[in-house]
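The values are calculated or read from the model by the stated rules, or taken from the named source; none is laboratory data. Here the structure is a predicted model, which means the values were calculated and not measured. Note: ideal-geometry Cβ built from the backbone for every residue, glycine included; neighbour counts use all protein chains shown.
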Amino acid sequence: MSQPHRDTIFIENAHILERQAHAGDQVVLRLHAPEIAAHALPGQFAHIQCDPALPMRRPLSLMRVNAKSGWVDILFKVLGEGTRLLAQRKTNDQLSVMGPIGKPFVSQMKYSRPLLIGGGVGIPPMVFLADTLREVKGAYQPFVIMGSEVPFPFKSQPSKIMVPGVPAEVIAAMPLMDDWGIASRLASQQGYPGCFDGYVTDLARNWLDTLSVEQRKEVAVFACGPHPMLEAVAQLAREYRLPCQVSLEEFMACAVGGCAGCTVEVKTANGPAMKRVCVDGPVFDANIVFPPM
């Protein structure tokens, strides 16, 4: 059963189809939520009741969506009571889920070389966006960079896709991306085999420096991850004069714009203003969230 909320947000009694546990207290749940799956766009999220004993929901990004089969995947890391309880849920358990919520990423055909950067639990929106871009046959040549300081929530493999500017020893990739024919590389400072030893922005810079002036005009940056990472990505994009969209992570209560508990300050033509991450975002133009100093 589901019911629409504000025309675009649905409340569904979803049930868990699959559960995968990964190192670093990370869990992937596949939920049968056909209304959300039918309407979700990359960058949007779901607000999930983790347990009947815990009324306060938790906002979690959508990682994969199959509108035809009616399922969505979410990836989360156990950090507090809510995610601890959610991690204990089992296959066939039912969850109350609201979604899809928020403004999504917006891609444009003229930016045919999108650079996708995800850090930690900011990886899921990049997977969703990459999946969407590949559906436009031959239109995009994405490069996906994923960073993590805990084990990645998948078993990496040597990529079969070569990427200019990437050191030869940096070959670790997300298997799903290789299956899709999308170039990806992993970055970490934990010494994981095949990963780039440094920040995601350092690896992005290596790649950008191999592009010609004309090729850089085809690049747009999309990012999700911790605030310091997003700030660094925004600065990198500004340095190379690239359009950049960032998806913010923020604590939320209602997630539908009523409580204004997730507001952030942004720059506007009329001066500073407060915007709600849940409905005015979570995706923003990087220049209004991280304006030049």
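For the reader, a short list of remarks on this structure follows.
- Of all residues in the stretch 184-191, none are within 26 Å of Arg64 (Cβ to Cβ) and touching a Pro at 6+ places or on another chain (Cβ under 6 Å).
- Number of positions in the stretch 223-247 that are surrounded by fewer than 21 Cβ atoms within 10 Å (Cβ to Cβ) and out of contact with any Lys or Arg (no Cβ under 9 Å at 6 or more places or on another chain): 7
- Those residues of the stretch 22-39 which are at pLDDT 95 or above and hydrophobic (A, V, I, L, M, F, W, C), in sequence order: Val27, Val28, Leu29, Leu31, Ala33, Ile36, Ala37, Ala38
- Answer from Lys160, Lys137 - the residue that is farther than 20 Å from Ser107 by Cβ, out of contact with any Phe, Trp or Tyr (no Cβ under 9 Å at 6 or more places or on another chain) and charged (D, E, K, R): Lys160
- Matching residues in the stretch 281-293 - criterion: being crowded, with 19+ Cβ neighbours inside 10 Å and part of a loop (DSSP other than H, G, I, E, B): Gly281, Phe290
- From the list Ala67, Ala53, the one residue that fits, being aliphatic (A, V, I, L, M), at pLDDT below 95 and surrounded by fewer than 23 Cβ atoms within 10 Å (Cβ to Cβ), is Ala53.
- Residue-level analysis places Glu265 among those that are surrounded by fewer than 19 Cβ atoms within 10 Å (Cβ to Cβ), closer than 29 Å to Met98 by Cβ and either at pLDDT below 90 or in the same structural domain as Ile48 (by TED's automatic domain parsing) (or both).
- Tally of residues being part of a strand (DSSP E or B), farther than 19 Å from Gly122 by Cα and of a type in the set (A, V, I, L, M, F, W, C) across the stretch 218-270: 1
- Any chance Val127 is at pLDDT 95 or above, assigned by TED's automatic domain parsing to the domain that holds Asn66, in contact with a Leu (Cβ under 9 Å, 6 or more places away or on another chain) and crowded, with 21+ Cβ neighbours inside 10 Å: no
Here's the yes/no breakdown for (1) buried (at least 17 other Cβ atoms within 10 Å of the Cβ); (2) in the same structural domain as Phe10 (by TED's automatic domain parsing):
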site: Ser96; (1), (2): no, yes
site: Ser107; (1), (2): yes, no
site: Gly120; (1), (2): yes, no
site: Lys137; (1), (2): no, no
site: Phe154; (1), (2): yes, no
site: Gly165; (1), (2): no, no
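- Checking each residue in the stretch 181-205 for being out of contact with any Lys or Arg (no Cβ under 8 Å at 6 or more places or on another chain) and in a strand (DSSP E or B) picks out Ala183, Ser184, Arg185, Leu186, Ala187, Ser188, Asp197.
- Selection count, the stretch 42-65, where residues are closer than 22 Å to Val106 by Cβ and among the polar types (S, T, N, Q): 2
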